[in-house]
Amino acid sequence: MDQSKLVSNGRLLVELLTQNKMAPRAALWVVNPESNIWRLWIVPSVDIKDKHEFYRRAAEIISKHRTELPDLEISDLEFLQEKHPAIQALKKLTKVTGGGTVSLQSSTLNGFYLPDSLILEMNF
């Protein structure tokens, strides 16, 4: 999937999650450099601590909005906790809200290697 499609799908999902009381504190597309597969890493709202609940609710939203999100699958999402080393470093580095996007190219942050990424939301 091209990066503009990743951004538009990710933005729409962030908006839909927010409308359904699941506003992510962080959302970023991260590519696996070996397979060239992008995954949308999401740190959910503080109210959601159980990853099974997160995936269930996100799958319902994606399914309900299949026509607007034809290229997005629940398997494209990855639940992350705020304590993840990449999130810890990024939340000190940048704040992204309101439709902005920050692109990072293969970076090492506090000793954690982060491949190419597109930050859609970073709001701590």
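Residues in the chain average 54 Å² of solvent-accessible surface per residue, probe 1.4 Å, ligands and nucleic acids excluded.
Which shape class applies to the range 1-99: rounded if a/c is under 1.5, otherwise prolate when a/b exceeds b/c and oblate if not, where a ≥ b ≥ c are the square roots of the Cα gyration tensor eigenvalues? Rounded shape, in that the Cα axes give a/c under 1.5. For the chain, the longest principal axis of the Cα atoms and the long axis of helix 3-19 meet at an angle of about 60 degrees. The fraction of accessible area contributed by carbon and sulfur in the chain is 49 percent, rounded to a whole number (1.4 Å probe; ligands and nucleic acids excluded). Our note on the geometry: Cα centres of the range 68-120 and the range 1-56, 9 Å apart.
Averaging sequence separations of C-alpha pairs under 8 Å and six or more residues apart, then dividing by the length of the range 1-108, give the relative contact order as a whole percent. For the range 1-108, the relative contact order is 23 percent. The angle between the Cα long axis of helix 51-64 and the main principal axis of the chain comes to about 60°, on a 0 to 90 degree scale. Could you tell me which of rounded, prolate or oblate describes the range 41-124, using a ≥ b ≥ c as the square roots of the eigenvalues of the alpha-carbon gyration tensor, with rounded for a/c under 1.5 and, failing that, prolate when a/b is larger than b/c and oblate otherwise? Prolate is the answer for the range 41-124, as a/c is 1.5 or above and a/b outweighs b/c.
The values are calculated or read from the model by the stated rules, or taken from the named source; none is laboratory data. These figures come from a predicted structure and were not determined experimentally. Ligands, DNA and RNA are excluded from the accessible area calculation, which covers all protein heavy atoms including side chains. Shrake-Rupley method; radii C 1.70, N 1.55, O 1.52, S 1.80 Å.
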